[in-house]
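Please read the structure below before turning to the comments.
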Amino acid sequence: TVNLSALQFRQKNLAALITQALKQTALAPSFLKLELTESVVMENPEAARIVLGELAAIGVQLMIDDFGTGYSSLSYLKQFPFSALKIDRSFVRGVPQDPNDEAIVSAVVALAHSLDLEVIAEGVETEDQLSFLCSQKCDKMQGFLFSRPIPAADFTRLLADGRCLRLGSA
């Protein structure tokens, strides 16, 4: 997953640059996930629709980050070619203690799945949060419960040791 900044997303030749990088690295487009925040997309929805369409045509996966924290309309979920959305940690933090956060997370998961979008919860820090998200059929999760940020070599060791078996999946 690659996070795109607002500056990168506004580049006129973004799709061409990504196509060139994919060719140079021999990476299949379907393995590249580009993550954009809701606010970046909503800065100029019409321009975003064009760029996102170009990126989707290449075959990369598009994810909307920090969902629910910006000012977007739900109608944009069906208008933009996203394959996944990430529930912001501010909503995950309160589950399962806060019924309002539970309701929001449950609704976002149900909405995303009804639109055939993958759902990733950010900021999972407790077993209770994990359990709740699993009960809601959240597709993937990330957060300190699984690991603090670590260097690539350490992550490779975790994979080799089999300690990442539940990482990212419900």
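Every number here is computed from the coordinates shown, using simple stated rules; none is lab data. Since the model is a prediction, treat every value here as computed from it, not as a measurement. In this analysis, Cβ positions are derived from the backbone assuming ideal geometry, glycine residues included, and neighbour counts consider all displayed protein chains.
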Testing ASP65 on (1) part of a helix (DSSP H, G or I); (2) touching a helix residue (DSSP H, G or I) at 6+ places or on another chain (Cβ under 8 Å), one condition comes back false. Which one is that? (1)
Would you mind telling me which numbered condition in (1) at positive phi; (2) in contact with a helix residue (DSSP H, G or I) (Cβ under 7 Å, 6 or more places away or on another chain) ILE58 fails? (1)
Name the residue that is surrounded by the most Cβ atoms within 10 Å (Cβ to Cβ), counting only residues in segment 86-138 that are in a loop (DSSP other than H, G, I, E, B) and of a type in the set (Asp, Glu). ASP88
Can you find a residue that is more than 17 Å from the chain's Cα centre (by Cα) and β-branched (Val, Ile, Thr) anywhere in segment 30-53? yes
Of the conditions (1) in contact with a helix residue (DSSP H, G or I) (Cβ under 8 Å, 6 or more places away or on another chain); (2) farther than 14 Å from PRO81 by Cα, LEU7 clears all except one; give me its number. (1)
Pairs, first under 15 Å from ASP66 (Cβ atoms) in segment 21-49, second polar (S, T, N, Q) and surrounded by fewer than 12 Cβ atoms within 10 Å (Cβ to Cβ), C-beta under 8 Å, six or more apart: VAL40/SER5
Residue list for segment 27-55, filter: part of a helix (DSSP H, G or I) and buried (at least 18 other Cβ atoms within 10 Å of the Cβ): GLU38, VAL40, VAL41, ALA48, VAL51, LEU52, LEU55
Read through the list (1) over 26 Å from ARG10 (Cβ atoms); (2) in a helix (DSSP H, G or I); (3) of a type in the set (D, E, K, R), then give the number of the only condition that LYS78 fails. (1)
